[in-house]
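Engineer: Questions regarding the structure given below will be posed in turn.
The values are calculated or read from the model by the stated rules, or taken from the named source; none is laboratory data. Owing to the predicted nature of the structure, the values given are computational and were not obtained by experimental measurement. Positions of Cβ are generated from backbone atoms using ideal geometry, with glycine treated the same way; all protein chains shown enter the neighbour counts.
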Amino acid sequence: MREETIPARSLLESERAFRLLVQGVTDYAICMLDPGGVVSSWNAGAERIKGYEAPEIIGQHFSVFYPPEDRAVLPGRALETARRTGRFEAEGWRVRKDGTRFFASAVIDAIHEDGQLVGFAKITRDITERMRARAALSESENHFRLLVDNVTDYALYMLDPEGRVTNWNLGGQRIKG
């Protein structure tokens, strides 16, 4: 009898540890969806990122996280892809409870038990700041490129490690022919 009790206790401790782990994650929204896309569990990260407390969102379809213009198509496509291939990954705009938008990286994995689809694990991260930083860097690089390319009084060259010219500006073309 004791041998059966220890594994049961271990299993309960393992389940408790896993529940605490998922609930303790705050940088990622982690939720479980039923096979139809209805939210069935919700972690602290999901509450922080999306603004819904668990009782407000459990029982609601996950399409509420999509902008209104995307709700008719994208959530269904995401679930169908996850159902068919086992996984769906995407980046795009999502909506918080208060209506504000954020740029998200999302993964939806199909969860099977005994060969049957029982739902989906959905993990979302708010990457708005990363996307804005990427856009600002790209804009800065474009401005710098325009500045350098349009200098005509000086020849500006880019050399590779072996000293070969890989790029030059209009000044280089004008001065060196």
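Engineer: Find the residue count for the stretch 1-35, including only residues that are assigned to a helix (DSSP H, G or I) and either modelled with pLDDT of 90 or more or in contact with a helix residue (DSSP H, G or I) (Cβ under 8 Å, 6 or more places away or on another chain) (or both).
Structural biologist: Qualifying residue count, the stretch 1-35: 2.
Engineer: Take the conditions modelled with pLDDT of 90 or more and surrounded by 12 or more Cβ atoms within 10 Å (Cβ to Cβ) and apply them to Gly51. Does it pass?
Structural biologist: yes
Engineer: Would you please list the contacts, defined by Cβ atoms under 7 Å and residues six or more apart or on different chains, that run from a residue in the stretch 64-77 that is buried (at least 16 other Cβ atoms within 10 Å of the Cβ) to a residue that is hydrophobic (A, V, I, L, M, F, W, C) and not in a loop (DSSP other than H, G, I, E, B)?
Structural biologist: Phe65/Val95; Tyr66/Leu74; Tyr66/Val95; Pro75/Phe62
Engineer: Determine if the stretch 130-139 includes at least one residue that is of a type in the set (Asp, Glu) and modelled with pLDDT under 95.
Structural biologist: For the stretch 130-139, residues of a type in the set (Asp, Glu) and modelled with pLDDT under 95: present.
Engineer: While we're looking at this one, here's another question. Would you check if Gly115 is more than 18 Å from Gly37 (Cα to Cα) and small (Gly, Ala, Ser)?
Structural biologist: It is true that Gly115 is more than 18 Å from Gly37 (Cα to Cα) and small (Gly, Ala, Ser).
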